[in-house]
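The values are calculated or read from the model by the stated rules, or taken from the named source; none is laboratory data. Bear in mind that the values here come from a model prediction, so they are computed numbers and not experimental data. Here the Cβ positions follow ideal geometry from the backbone for every residue, glycine too, while neighbour counts run over all protein chains shown. Accessible surface is based on the protein model in full, side chains and every heavy atom, while ligands, DNA and RNA are left aside. Shrake-Rupley method; radii C 1.70, N 1.55, O 1.52, S 1.80 Å.
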Amino acid sequence: MKLYNTLGNKVEEFIPHNKELVTMYTCGPTVYHYAHIGNLRTYIFEDILEKTLRYIGYPVKRVMNITDVGHMTSDADEGEDKMLKGAKREHKTVWELAEFYTEAFKKDTEKLNIKWPEVVSKATDHISEYIHMIEVLLKKDIAYSSGGNIYFDVSKAQDYYALSGKNPEDLMVGVRDDVEEDIHKRNPADFGLWFTSSKFNDQAMKWDSPWGVGYPGWHIECSCISIAYLGEYLDIHCGGVDNIFPHHTNEIAQSEAYLGHPWCKYWCHGEHLNDSSGKMSKSKGEFLTVSLLEEKGYDPLSYRYFCLKSHYRNQLVFSYDSLSSAQNEYYKLRKRVLNLKSEKDVFQEEGKTYQEKFRQALENDLNTSSALTVVYDVLKSELNDYTKRSLIEEFDQVLSLDLLKENKQEIDEEFEKWILEKIGERKLAKQNKDFAKADQIREELSKKHVQIKDTREGTIFELV
Ligand code: AMP
Ligand code: ZN
């Protein structure tokens, strides 16, 4: 298996510490709002990585955190706590907010067939581990106390900039005038491990600590949660590219300083999904969520298909047009698979060539678009339907596109009435030579898995 490792910036052969159990840590959501479909692109990539590892024979233990405290609105420890800001916006307690959006996130992952990791752990459940790690860092003189807060001294970290390839000068250029510098830090790149002297008096989540009542910095949770469940040697750590700096850089610094040896070997990052105006955001423009896509008539799995068509390390621009065409392709693909005969037959030897090709595509740094091409190649092949079905069923363990799931939608009376009305409207549009409208109605039906066909007897429909 070849994977691109951000640490070293090259594609490398994946060799786990212990092939009996691959350990994988993925940074989880900050539960102050719904996940946008950009966030979910990263979770789809991580899901494919986990399922590929399993497909090629590795047992995997995957851990994910839920950030419910300490993530500032600016990644560099500045600004306001995202959870606190969310709680004010919704007139909820931070605890209620966390519970609500954790549940919403879980539902989104279910709709996208993203497997829930074996261990999902809330940041607020591990305060004693953070305190312990910080105590060790203080003892080793790598952390220091200043103005009531505890900071990590980056000048004492080994090769602090290895992951990001940045240098201290770059960072100085990055410091924005509108971000107030924390005067307690020795060096602007130092980061907070524990805060007792909060900028916000109404910080709701606080715990006792040897340094006074306070709350943890954002980065410490991932180091401690990972080490607690996966041990001192981690195989793979994932996230989106925005996590490379400062989050993952700081995770490496504090974990390795604490452990006294290298920590994680492979750092894998998914590129962003952008909208036409650039970076996707939860505050500006249209807030793109899975529920919004559904309201607009898209199947969440069409979005998964849309993501799998491109490589996780390429930026992807979202538009409704490209999602619509992905959805059309996806429905056609499903229909072709569902039309395969389901009788038992012999599994043909030639089927193995396709298994090999599928595996090679994924082993090549998760080339999902080539993996999808193998599905189409199977369908085009001379193999018997039983072999085709068996192969696609196997491939769908990784792709998770429900390719063999019978129609997900039942036709009830009300739905049938709606379909017939739409067919009637389309007929009228065609009679009036309003072909644009007729096409638009076809599209609307297609979004609800209804495929229509004009025959001499009239328009017929079927669910795909
Ligand atoms: P957050 O909830 O902000 O902590 O982000 C959750 C995950 O989404 C992290 O792994 C981020 O790196 C990732 N992420 C944030 N924005 C995007 C985006 N536009 N496209 C893809 N992944 C993203
Ligand atoms: Zn993290």
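Cross-link pairs exceeding 22 Å in C-alpha to C-alpha distance, out of LYS10/LYS122; LYS427/LYS453; LYS296/LYS437, comprise LYS10/LYS122. Compared with the direct C-alpha span, the chain from TRP95 to LEU404 gains 107.2 nm at full extension, assuming 0.36 nm per residue. Close amide H partners of TRP194, meaning residues 5 or more places away or on another chain with modelled amide H under 5 Å apart, are ILE150, GLY217.
Residue separation of SER145 and GLU13 scaled by 0.36 nm, minus their Cα-Cα distance, works out to 43.4 nm of gained length. In the context of the full set of protein chains, the chain has a per residue accessible area of 46 Å² (1.4 Å probe).
Here region 186-260 is treated with +1 on each Lys and Arg Cβ and -1 on each Asp and Glu Cβ, and its dipole about the Cα centre works out to around 280 debye.
Ordering VAL375, VAL346 by accessible area with a probe of 1.4 Å, largest first, what comes out?
On the way: VAL375 0, VAL346 95 Å².
Sorted descending by solvent-accessible area, the residues read VAL346, VAL375.
Along the axis of the charge dipole computed for region 180-299 (Cβ charges of +1 for Lys and Arg, -1 for Asp and Glu, origin at the Cα centre), the listed residues THR249, ASN187, LEU288 are led at the positive end by ASN187. Beta bridges assigned by DSSP with both partners in the chain are antiparallel in approximately 50 percent of cases. Taking N as the residue count of region 197-352, its C-alpha radius of gyration divided by 2.2 N^0.38 Å amounts to 1.52. Pairs of Cα atoms nearer than 8 Å and 6+ residues apart set the relative contact order; for the chain it is 17 percent. Annotation: peptides 224-233, 321-330, 299-308, ranked by per-residue average of other Cβ atoms within 10 Å with the highest first, follow the order 299-308, 224-233, 321-330. In order along region 379-385, the Karplus-derived 3J(HN,Hα) couplings, from 6.51 cos²θ - 1.76 cosθ + 1.60 at θ = phi - 60°, round to 5, 6, 6, 8, 4, 6, 4 Hz, and Gly and Pro are given as x.
In the chain, taking the dipole from charged Cβ atoms about the Cα centre, the farthest positive-side position among TYR266, GLN327, LEU230 is held by GLN327.
The rule of thumb for compact globular proteins, 2.2 N^0.38 Å, goes into the C-alpha radius of gyration of region 346-427 1.52 times.
I'd like the FRET efficiency for ASP345 and ARG313, computed as 1/(1 + (r/R0)^6) with the beta carbon distance as r and R0 of 35 Å, rounded to 0.05. Walk me through the intermediate numbers first.
Values: r = 40 Å, r/R0 = 1.13.
Once rounded, the FRET efficiency stands at 0.30.
Between ALA104, LEU138, THR93, the Cα set farthest toward the positive side of the dipole of region 45-143 (charges on each charged residue's Cβ, about the Cα centre) is that of ALA104. Using a cut-off of 21 Å between Cα atoms, the listed pairs LYS422/LYS447; LYS82/LYS265; LYS92/LYS279; LYS107/LYS206; LYS335/LYS433 include LYS82/LYS265; LYS92/LYS279; LYS107/LYS206; LYS335/LYS433 as exceeding that distance.
Less than 5 angstrom separates the built amide H of LEU7 from those of TRP267, all sequence-distant by 5 or more or on a different chain. Checking the a/c ratio against 1.5 first, then a/b against b/c, what shape does the Cα gyration tensor give for region 278-317? It is oblate, given that a/c is not under 1.5 and a/b is not larger than b/c.
Along its principal axes, region 118-171 has C-alpha extents of 37, 33, 19 angstrom, given from the largest down.
Computed over protein heavy atoms with a 1.4 Å probe, the carbon and sulfur contribution to the accessible area of the chain reaches 49%. At the residue level, GLU343 shows approximately 120 square angstrom of accessible surface with a 1.4 angstrom probe and all protein chains present.
Size descriptors for the chain: radius of gyration and Dmax over Cα atoms are 25.2, 84 Å. Basic side chains Lys and Arg get +1 at the Cβ, acidic Asp and Glu get -1 at the Cβ, and with that the dipole of the chain about its Cα centre reaches some 1140 debye. Sequentially through region 411-427, phi angles give Karplus couplings (6.51, -1.76, 1.60; θ = phi - 60°) of 8, 9, 4, 5, 5, 5, 4, 4, 4, 5, 4, 5, 4, x, 4, 5, 4 Hz, Gly and Pro residues having no value and appearing as x. Measuring only protein heavy atoms, the 1.4 Å probe finds CYS264 accessible over about 10 Å². To the nearest 0.05, how large is the calculated FRET efficiency for GLU80 and LYS106 if R₀ is 22 Å and r is the Cβ-Cβ distance? Using R0 = 22 Å, I get an efficiency of 0.25.
Full-extension gain between LYS427 and LEU292, please, as 0.36 nm times their residue separation minus the C-alpha to C-alpha distance. Could you put the intermediate results ahead of the total?
On the way: separation 135, 0.36 × 135 = 48.60 nm, distance 2.94 nm.
Using 0.36 nm per residue and subtracting the Cα-Cα distance, I get 45.7 nm.
The 3J(HN,Hα) values that the Karplus relation (6.51, -1.76, 1.60; θ = phi - 60°) gives for region 453-464 are, in residue order, 9, 8, 10, 5, 7, x, 8, 10, 9, 8, 8, 10 Hz. Gly and Pro appear as x.
Listed by chain and number, the aspartates and glutamates whose C-alpha is less than 13 Å from the C-alpha of LYS19, apart from same-chain residues fewer than 8 away, are ASP235.
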